[in-house]
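Each remark here refers to the structure printed beneath this line.
The values are calculated or read from the model by the stated rules, or taken from the named source; none is laboratory data. Please read these numbers as outputs of a predicted model, since none were measured by experiment. All Cβ positions, even for glycine, are placed from backbone atoms using ideal geometry, and neighbour counts span all protein chains on display. Remember, those area values only see protein heavy atoms, side chains included, never the ligands or the DNA or RNA. Shrake-Rupley method; radii C 1.70, N 1.55, O 1.52, S 1.80 Å.
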Amino acid sequence: MRDSRSSGTNWGGWVSGALFAVLLYVGMRPVGSLPALGNLLDPYRGVWSVAGSAELEAVSSVEIAGVRDDVSVIYDDRSVPHIFAASREDAFRALGYVVARDRLFQMELQWRLTAGRLSELFGVRTLGLDKSMRALWLAASADAEYASLSESSGDVKRLIDAYAEGVNAWIDQMNLRQIPFEYHFIGKRPVAWDPVYSLYLVKQMGFTLAGSSIDRRWVRVAERVGPEAASALFPVHSPIQEPIQPNGASTRFDFTPLPPPRINSASTWTIGEATELDLLGLGAAPLNHASNNWVVAPQRTANGYALLAGDPHLDLTIPSIWYEVHVVVPGELDVYGATFPGAPFIIVGFNRDVAWSFTNTGADVMDFYRERLDDPETPTSYRLDGEWVSLESRVEEYSGTGQEVLEIDTLYRNHRGPIVQLGDTVLSMRWTVLESPRTSSTFSALGSSGSVAEWIAVMNEHDAPPQNGAVADRWGSIALRSFGLYPVRPDNGNGVAIRDGTTSDSDWIGYWPVDRYPGAVDPEQGFLASNNQEPVDPRHDDAFLGADWWVPWRAIQINQLLRSDSAVTPDAMRVFQTHPMSARANLFVPAFLNAGMAVPTLGEDAREALDLLAEWDREYATDNERAVLFEVAMAELTELVWDELADSTGRRVGTPGEAVLAGLLEDPASVWWDRLVSEEIETRDDVLVSAIEEAYRKVVERFGSPGQEAWRWGGIRHANLMHVARFPGLSIEGIPVQGGRETMSPSSGSGTFGASWRMVVELGPEIRAWTIYPGGQSGNPVSTRYADRVRKWSNGELEEVIFPRAAEEIPNERVTATLILRGAE
């Protein structure tokens, strides 16, 4: 394996210089529809003032109402705040204060996104997005959940309220130089933080991780090629089995011949209707939220201690979606890890006994129902079981940047959830994310777990979004389980088809019992891994959990690595996180090469392409010059094979997963290989050769002849850290990364999704941990802490953390700032 990644770019300095170069160029000009910069260049009230607050004061103190005992916040040389408090409430007041000090604009942007109130900052340009978000009722469900909280809800309400007090203490005490740059840029000021905004963030997490459904896609494909073919193209169970719950076998291929398509050019769904649903976040775009976690038992590690690795793959933004922190309340809490700015708890991390991380389960927890309304224009009721039942309505007013009313809208929902009305088609949506009152309390309690068993007991209460939780403890126990509410449909049916909403017989009848959740504790094989694959082998449990699963390429790769190493080290865990080998390429490359030998006559381009592909080691190192040919060939193959799925406009109504395409390789004479646009009967090998031949031509046309530096993978596929509001000059683009599609560190085409956090933890007598994320702790673009972690993240490096029990345990030479929070008189 080769690793040739660059290590010389100073990203922090680049960002600061680029920002001010942009400002000097723009001067007084308007940027798009943003206001002219004008007073931005004022040295006291404009953007220049943010330089004065870019770095932390060496020693400072602040008085905050509600703080009972002094709180010490010690920043180490990685800019991680270590919060030492006498009570949880004081600790989370301090957390709210320090996160707001570093990430206030990001926090406001996030709650406004969920609430559908971005237009108050950006005007009519974001009105469509605001309407789409409000139509999901996310903020409304969060409001209802917060109103239902009480002191009997345990710590969660007290901590949410204390966190808000800390955020507002920072907002109230800010001076002009401390107001984040982005507010200067749009001519706004921060608003107060309402405690419910923390729950908005939880709902946004649910939208991101469980906000898709196969229902609409399946219907459109079924109308195009028939329901039998649609069910085979988007199967309930993965044709390639490498489940989370060990099945006692290595990778299994359950390929069956695809039924022939029944072509129907007409469709009862118009493109306009599909676009409307896509705007609600419910469309058929492929999920980009791939993640990895795995745990290794002591008997398979070099040091005899359990190991855990986690790297959730989410949107890559600057500032990062994560904020690294350590919170200590003696005798109650000592937890370290990553939190979302705005959330009063650690999402992934560790304490003195337990470490944990998550991947997305991908379960189908969203269903649609065709409804009948009494009036399509101004409905008041819907038909259910032969009667008219009242709808709940909500009038929504959308304001602009000057609080002018941009639009007034009325939203509806029934007993299932939000109503989406598209002409004569009316759908309701049932979604567990809108019915998840326990998510906040679950994450809040994880940090106090003292063992794997205790951690699992807490997570068994989790509702949404469904997550695969990996956990290990100091006593050598490991576990991995898929947690969340999994609906049970009528007649044990699946959630693929859109159901009849006029009868309650279509409604969910309950949820899976906890003891049915897929997973394992202390398996004989000594390791467990989740990579978004189908969690349980259908031969063990064939109940519907989801459909069209991620192909388990990464699961195959990590399990091969773990099986081959019986003395795993923490550094090996780190290397595995960015391992460039591709299990996907290992399956498809031989198919291309074999096709080249089977086709009797090859053109010159086809021969050259196949020779180059045969040279490839199937790794996505940054200096590799063959990966690009394979990726373009796979794209061409997808276009050629699935042309039957294109409608009359030429747009594909759905694209099957690559597990289905891999299965099709086993049926060389399938009618699916014979393209509609070809006058001759084609077979598998014909199409494979056509794909690699056309790929070669396109690569040469764009990058020149083979051997040119332009073919190097590191110059083609990058990571791009986009500013959270896409402000000019504040993004960091073109970062070289090792990895390709479905390697351990998958690289998306846009480069805006990837490993948002990487962590390795060794659970010995004293916990050792290593972490990294792309970006930096500060949201101030002229701070040295804005992008100081990018280079190491790009190189696949991790940094060892400081995990002190008390403030005095932090070496003086590693302390960069000290903040004391005291109660206000």
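Below is a table of values for the structure above.
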| read-out | value |
| --- | --- |
| Environment charge of residue 708, counting only residues whose C-beta is closer than 11 Å and scoring Lys/Arg +1, Asp/Glu -1 | 0 |
| Candidate residues 686, 334, 76, 500: accessible-area rank, largest first, probe 1.4 Å | 500, 686, 334, 76 |
| Heavy-atom accessible area ranking, 1.4 Å probe, most first, across 82, 579, 540, 415 | 540, 415, 579, 82 |
| Peptides ranked, highest mean first, by Cβ atoms within 10 Å: ranges 61-67, 754-760 | 754-760, 61-67 |
| Fully extended contour minus Cα-Cα distance, from residue 681 to residue 605, at 0.36 nm per residue | 25.1 nm |
| Rg in Å to one decimal, and Dmax rounded to a whole Å, for region 60-100 via C-alpha atoms | 9.9, 30 |
| log10 of Debye I(q)/I(0), alpha-carbon scatterers only, for region 609-673 at 0.16 Å⁻¹ | -0.68 |
| Candidate lysines for bridging to residue 157, where Cα separation is under 28 Å - those fewer than 8 sequence places away on the same chain excluded | 203 |
| Inter-site label distance for residue 438 and residue 488 at 7 Å from Cα along Cβ, in nm | 1.6 |
| Relative contact order for region 678-825, counting Cα pairs under 8 Å that sit 6 or more residues apart, in percent | 13 |
| Enclosed volume per residue, in Å³, of the convex hull spanned by Cα atoms of region 44-201 | 122 |
| Integer Hz, Karplus 6.51/-1.76/1.60 couplings in order for region 518-527, x for Gly and Pro | x, x, 7, 10, 6, x, 4, 5, x, 7 |
| Accessible heavy-atom area order of 359, 317, highest first, probe of 1.4 Å | 317, 359 |
| Translational D in µm²/s for the chain (Stokes-Einstein at 4 °C, 1.567 mPa s, Kirkwood Rh from C-alpha pairs) | 46 |
| Quotient of Cα Rg and 2.2 N^0.38 Å for region 316-400, N being how many residues it contains | 1.94 |
| Hz values of 3J(HN,Hα) by residue in region 617-630 - Karplus curve (6.51, -1.76, 1.60), Gly and Pro given as x | 7, 6, 10, 10, 5, 5, 9, 6, 10, 10, 4, 5, 5, 5 |
| Of all DSSP beta bridges in the chain, antiparallel share, percent nearest 5 | 85 |
| Residue-span extension gain [residue 671 to residue 389] - 0.36 nm each, minus C-alpha spacing | 96.6 nm |
| Extension gain, residue 766 back to residue 375 (0.36 nm per residue minus Cα-Cα distance, nm) | 134.2 nm |
| Per-residue ³J(HN,Hα) for region 759-770, Karplus 6.51 cos²θ - 1.76 cosθ + 1.60, θ = phi - 60°, Hz, x for Gly and Pro | 8, 10, 10, 10, 9, x, x, 10, 5, 10, 8, 9 |
| Under 10 Å, Cβ to Cβ, from residue 370 - net charge with Lys/Arg +1 and Asp/Glu -1 | 0 |
| Cα gyration tensor, region 612-759 - rounded (a/c under 1.5), prolate or oblate | prolate |
| Rough spin-label spacing in nm, given labels placed 7 Å along Cα→Cβ, for residue 524 and residue 698 | 4.7 |
| Helical mean residue ellipticity (222 nm; -39500 (n - 2.57) per DSSP H run of 4+; nearest 500) of the chain | -9000 deg cm²/dmol |
| Label point distance in nm, residue 403-residue 177, each placed 7 Å from Cα along Cα→Cβ | 3.1 |
| Candidate lysines - alpha carbon under 23 Å from residue 188, same-chain residues fewer than 8 apart omitted | 131 |
| Under-5 Å amide H pairs with residue 316, H placed in peptide plane, nonlocal only | 753, 754 |
| Cα-Cα P(r), region 656-733, percent of pairs per 5 Å interval | 3, 12, 13, 13, 12, 13, 14, 10, 6, 4, 1 |
| Contact order relative to length of the chain, as percent, for alpha carbon pairs under 8 angstrom and 6 or more apart | 21 |
